[in-house]
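Step one of this worksheet: look at the structure below.
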Amino acid sequence: MRNMVIIGSGPAGLTAAVYAARANLQPLLIEGKEPGGQLTLTTLVENYPGFGEGIMGPQLMEEMRKQALRFGTEIVTSYVYAVKLKEYPFRVYFADQEVTTKTVVISTGSSAKLIGIESELQLMGHGVSTCATCDGFFYRGREIAVVGGGDSAMEEATFLTKFATTVFVIHRRDVLRASKIMQDRAFSNPKIQFIWDTVVDHVVGTKETGVTGLKLKKVKTLEASDLKVDGLFVAIGHNPNTDIFKGQIDLDSHGYIKTQPDSTRTNIPGVFACGDVQDPVFRQAVTAAGTGCMAAIEAERWLEH
Ligand code: NAP
């Protein structure tokens, strides 16, 4: 019987592990399909406190992993394919194992939706980004493109005009999905230009040069064109990684785990959720780490009771 099983190894899960291990709970952490989470897809992270010169995303996650191991976290490189949260003790299934546990910390994160072209993946972190807050700063005085027509795309495009000279919003239809207020804000921003009925066919560039342009295609006429930009932000939504919890725990209408105000408690006593899997708003490494800390402390107190 485990005291705590942590599912997921991004900043939330690893911070929960550091706190739980230091509280002598000997947590078991199961890394998941993308060990280290979304930060392993980025290059330089400049907004995580404590690194004056910035730190590479994968290196930051490696340091967090080391820190969790140092205090006695057991880390398993596997992924959880099923859980039973409706019975106690809880049950967690991975590889050929079934583990029983007194508490579960869910930190499975969310995954940015991608357009689905090969060059997008190849240049991820080298000019292609899914996070304007994280990477906008690198595009001071540059021209960039944002893909998407929802609130996320409008928010990111508007934010990016603080840095870029021009932001092209590329949308596959000729009407936006975004709310009226976000649309109005984007339409009235002189730095934002819309490219309608268009999809990105190919991202031009190499890891050395970064993104140098896009090959675009009109959806209706299939007409091809080139657009010179220095970066591409994909803002077509996120999917919280909650498939294995569906039907067992309260989720909101977008699939994010519902937590109680100012807490990581879910509707199931003994199950806590932290990081992006319960946060569609901030989605930052530092906020994920903060809620990971909260989850470990709340779980420890819950166990004491
Ligand atoms: P969303 O509302 O689902 O919008 C996704 C957009 O991306 C849509 O315009 C969609 O096009 C486009 N898209 C999807 N797949 C695509 C693909 N493969 N290629 C090209 N384009 C693609 O997602 P979201 O903008 O992330 O918003 C999610 C939720 O969070 C919404 O409820 C939103 O209101 C909320 N949110 C609110 C705020 C805010 O209020 N500050 C900020 C961000 C998000 P189509 O329109 O053609 O489907």
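The values are calculated or read from the model by the stated rules, or taken from the named source; none is laboratory data. A quick note: this is a predicted structure, and the numbers were derived from the prediction, not measured. A quick note on method: Cβ atoms are made from the backbone with ideal geometry, for glycine too, and the neighbour counts reach across all protein chains shown. Ligands, DNA and RNA are stripped out before the accessible areas are found, and what is left, the full protein with its side chains, is counted by its heavy atoms. Shrake-Rupley method; radii C 1.70, N 1.55, O 1.52, S 1.80 Å.
Consider residue 23 carefully, then state whether it is more than 30 Å from residue 209 (Cα to Cα), out of contact with any strand residue (DSSP E or B) (no Cβ under 8 Å at 6 or more places or on another chain) and open to solvent by less than 40 Å² (accessible area, probe 1.4 Å).
Yes: the conditions hold for residue 23.
Sort out which residues of the stretch 208-223 are under 22 Å from residue 126 (Cα atoms) and assigned to a strand (DSSP E or B), and write them in order of number.
Those that are under 22 Å from residue 126 (Cα atoms) and assigned to a strand (DSSP E or B): 210, 211, 212, 213, 214, 215, 216.
Is at least one residue of the stretch 198-208 in contact with a Phe, Trp or Tyr (Cβ under 8 Å, 6 or more places away or on another chain) and either aliphatic (A, V, I, L, M) or more than 16 Å from the ligand (Cβ to nearest atom) (or both)?
Within the stretch 198-208, the first condition is being in contact with a Phe, Trp or Tyr (Cβ under 8 Å, 6 or more places away or on another chain), and the residues that meet it are none.
No, that holds for no residue.
Given the criterion more than 23 Å from residue 294 (Cα to Cα) and under 16 Å from the mean Cα position of the chain (by Cα), identify the matching residue among 60, 39, 44.
So the residue among 60, 39, 44 that is more than 23 Å from residue 294 (Cα to Cα) and under 16 Å from the mean Cα position of the chain (by Cα) is 44.
Counting only residues that are over 21 Å from residue 289 (Cβ atoms), touching a residue at least 12 places away in the same chain (Cβ under 8 Å) and among the charged types (D, E, K, R), how many does the stretch 63-90 have?
Looking only at that region, the number is 2.
Given (1) within 16 Å of the ligand (Cβ to nearest atom); (2) open to solvent by less than 30 Å² (accessible area, probe 1.4 Å); (3) within 25 Å of residue 219 (Cα to Cα), where does residue 184 come up short, assuming only one miss?
Here residue 184 clears every test but (2).
Can you give me the ranges of the strands (runs of 3 or more DSSP E) entirely in the stretch 81-146 with at least 2 residues that are surrounded by fewer than 18 Cβ atoms within 10 Å (Cβ to Cβ) and touching a Lys or Arg at 6+ places or on another chain (Cβ under 7 Å)?
Details: elements: 90-94, 97-106, 110-112.
The qualifying strands (runs of 3 or more DSSP E) are 97-106.
So, in the stretch 129-180, exactly how many residues are away from the ligand (no atom under 16 Å from the Cβ) and free of Cβ contacts under 8 Å to residues at least 12 places away in the same chain?
0
Identify the single condition in (1) of a type in the set (Gly, Ala, Ser); (2) surrounded by 22 or more Cβ atoms within 10 Å (Cβ to Cβ); (3) more than 30 Å from residue 5 (Cβ to Cβ) that residue 179 does not satisfy, given that it satisfies every other one.
Here residue 179 meets the rest and fails (2).
Contact list please: Cβ distance under 6 Å, first residue in the stretch 249-267 and in a loop (DSSP other than H, G, I, E, B), second residue modelled with pLDDT under 95 and open to solvent by 10 Å² or more (accessible area, probe 1.4 Å), pairs at least six apart or on different chains.
Within 6 Å, the pairs are 256/280.
Anything in the stretch 259-294 that is farther than 27 Å from residue 132 by Cβ and small (Gly, Ala, Ser)? List them, or say none.
263, 270
Can you tell me which residue among 174, 184, 201, 226 is farther than 30 Å from residue 81 by Cβ and assigned to a helix (DSSP H, G or I)?
Exactly one of 174, 184, 201, 226 is farther than 30 Å from residue 81 by Cβ and assigned to a helix (DSSP H, G or I), namely 184.
For the structure I just gave you, tell me whether residue 236 is part of a loop (DSSP other than H, G, I, E, B), open to solvent by 10 Å² or more (accessible area, probe 1.4 Å), β-branched (Val, Ile, Thr) and farther than 24 Å from residue 33 by Cα.
For residue 236, the condition - part of a loop (DSSP other than H, G, I, E, B), open to solvent by 10 Å² or more (accessible area, probe 1.4 Å), β-branched (Val, Ile, Thr) and farther than 24 Å from residue 33 by Cα - is not met.
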